[in-house]
Structure formats: C-alpha cells, structure tokens
1. Residues in the range 157-167: is at least one surrounded by 14 or more Cβ atoms within 10 Å (Cβ to Cβ) and within 16 Å of the ligand (Cβ to nearest atom)?
2. Any residue in the range 45-69 that is under 20 Å from Pro29 (Cα atoms) and within 16 Å of the ligand (Cβ to nearest atom) sitting within a Cβ distance under 6 Å of a residue that is of a type in the set (Phe, Trp, Tyr) and open to solvent by less than 20 Å² (accessible area, probe 1.4 Å)? List the pairs, counting only those 6 or more apart or interchain.
3. Any residue in the range 18-41 that is open to solvent by 90 Å² or more (accessible area, probe 1.4 Å) sitting within a Cβ distance under 9 Å of a residue that is within 16 Å of the ligand (Cβ to nearest atom) and among the charged types (D, E, K, R)? List the pairs, counting only those 6 or more apart or interchain.
4. Given the options Ala181, Ala117, Ala186, name the one that is more than 30 Å from Tyr86 (Cα to Cα), crowded, with 18+ Cβ neighbours inside 10 Å and without any contact (Cβ under 8 Å) to a residue 40 or more places away in the chain.
5. I need every pair where a residue in the range 157-173 that is over 14 Å from Ala130 (Cα atoms) has its Cβ under 9 Å from the Cβ of a residue that is part of a strand (DSSP E or B) and open to solvent by 50 Å² or more (accessible area, probe 1.4 Å), sequence separation at least 6 or different chains.
6. Given Thr27, Thr7, which one is under 22 Å from Val202 (Cβ atoms) and either within 16 Å of the ligand (Cβ to nearest atom) or among the charged types (D, E, K, R) (or both)?
7. Out of (1) more than 17 Å from Ala8 (Cβ to Cβ); (2) under 19 Å from the mean Cα position of the chain (by Cα), the odd one out for Glu35 is which?
8. If Gln101 satisfies all but one of (1) farther than 26 Å from Phe198 by Cα; (2) within 16 Å of the ligand (Cβ to nearest atom); (3) polar (S, T, N, Q), what's the number of the condition it fails?
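The values are calculated or read from the model by the stated rules, or taken from the named source; none is laboratory data. Because the structure is a prediction, the values reported are computed rather than measured. Ideal geometry is used to build each Cβ from the backbone, glycine not excepted, and the neighbour counts take in all protein chains shown. Keep in mind that these areas ignore ligands, DNA and RNA; they rest on the heavy atoms of the full protein, side chains included. Shrake-Rupley method; radii C 1.70, N 1.55, O 1.52, S 1.80 Å.
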Amino acid sequence: MKIFLDTANLEDIEDGLRRGFPRGITTNPSILSKERKTDFSAHIQKIIDLLIKYDYDIPLSVEVFSADPKEMIAQAEQFVHSFGHYSNLNVKIPIGWNELQVIRELRNRGVNVNCAACMSFNQAAMDALAGANFVSLFYGRIRDGGDNPEQIVRQVHAVFKEWNIPSEIIVGSVRQPGDVAEAFQAGADIVTIQPKFFKQMVSHPKTDEVVNQFITDFKNWLS
Ligand code: E4P
C-alpha cells in the first residue's frame, strides 16, 4: 500500500515530505497549470530539490504535454536530459494506440513510464503489456463515465496477479477520502491523492474528543 502526492504545489509537497508518508509524486499538465506561471523545468527541478532535501528517493511522474508521438518522445528525452539525474523519474504517457509505441520506445531506452488516463481494463492491460512500469486508472473519471471504478481496479489487480504482470496499479482521480480505502481494497498498489484530502484523512471528531479528554483528565489529576 503506497500513497503518492498528486500535486505540483511546492508547499503541499514539502508539508507531505515532512510527514514521512509519501511514497511518490504524480503531476500532470493540468496540475502544473494550477501553479503560479513559471518555468516548467525550473519548477520540476524545485520538486526534485525538495525530494533530495528531505532524503526521498521515490517515483516522480512528469507528463508529456503533446498528443503527437514524435513530440512525446522528444519531450521525454528532454525530461531525461533535464531531470534524469533524479534516478526515480517516470515519464507519464497517456494510453492510446500510438502512445503504446511511445511507451515501448521509452522502455527500450530504459526510461520508466507511468501510463496515464486509463479508464478500462483493456487500456490497463495493453499498456502493461507494452511495458509501462505504472498503470494509472482514473477512478473519479471512470465513475463520471458511468462505469464502476472499483470493479475495474479489482479486475486489473486480479488479472495482473494471475499472470504476474509487474506493472504497479496507481489509482488517481480521487474525488473523496472514501475512494482511498475502496481503491486499496480493490487491489490498487498505489493511490495518488490531492493534498486537500490529507487533513480530512487524518481527522475525526471522536479523535479530537478523546484527546481533549485525556489532556483535561491529566491536568485535573496534576492540579
Ligand atoms: C494522477 O496521476 C492523475 O493525473 C490525476 O489524479 C488526475 O486527476 P483528475 O481526474 O482529477 O484530473
């Protein structure tokens, strides 16, 4: 069970790294576009600098921002040139017929690939067989499309396990804290989560109640 940070926000990343739980970071072009406009490479390097500062060697996914396979390869090469010194760099390639060729090419060059935007078992199966290190199923968007994301994750997990497929299953597009347990129970290896959910995930009114009671009882005992 691994939780990744689904953000490019430097403050949120640092908050998470300080707390020890992140096992990876995923970004995508829309996530980056939410940040203050800046140099793309410089921003990714700042993320890597934080990983090094806090002594993490965890997967960092950076997504291509083209639909053209040749441009995808070129962008991936640029990522490796710019960020390849970070050993756990993963290039995110969305699933598609032409993209499978990009995935294979990058894997043949030893570049780690996170195949993104998967909405079905077949998409996950195809990119895993193409060699993707990670298969990213978009939970919320699968549900938006009228399918059952839990069932799809369960199918992918069962078949990957049966056939010893090494690709790790990432569940992204988390829309509520309840998706996290559901996805892990269905067999996700990794759930990548937006920082806005983390405080909710560790909070509970009964926790606050009992902790306050403990402190009050102890102070009364001391007085
Ligand atoms: C993670 O890798 C995905 O890019 C991300 O979770 C997608 O989230 P969204 O469906 O809310 O855009």
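1. To start, the set of residues in the range 157-167 that are surrounded by 14 or more Cβ atoms within 10 Å (Cβ to Cβ) comprises 157, 159-160, 165, 167.
With the extra rule that they be within 16 Å of the ligand (Cβ to nearest atom), the set shrinks to 167.
Yes - at least one qualifying residue is present in the range 157-167.
2. Val62/Phe79
3. Arg23/Lys2
4. Only one candidate passes the filter, namely Ala186.
5. Every condition considered, the pairs that remain are Ile170/Lys2.
6. Just a single option satisfies the conditions, and that option is Thr7.
7. Every condition holds for Glu35 apart from (1).
8. For Gln101, the failing item is (2).
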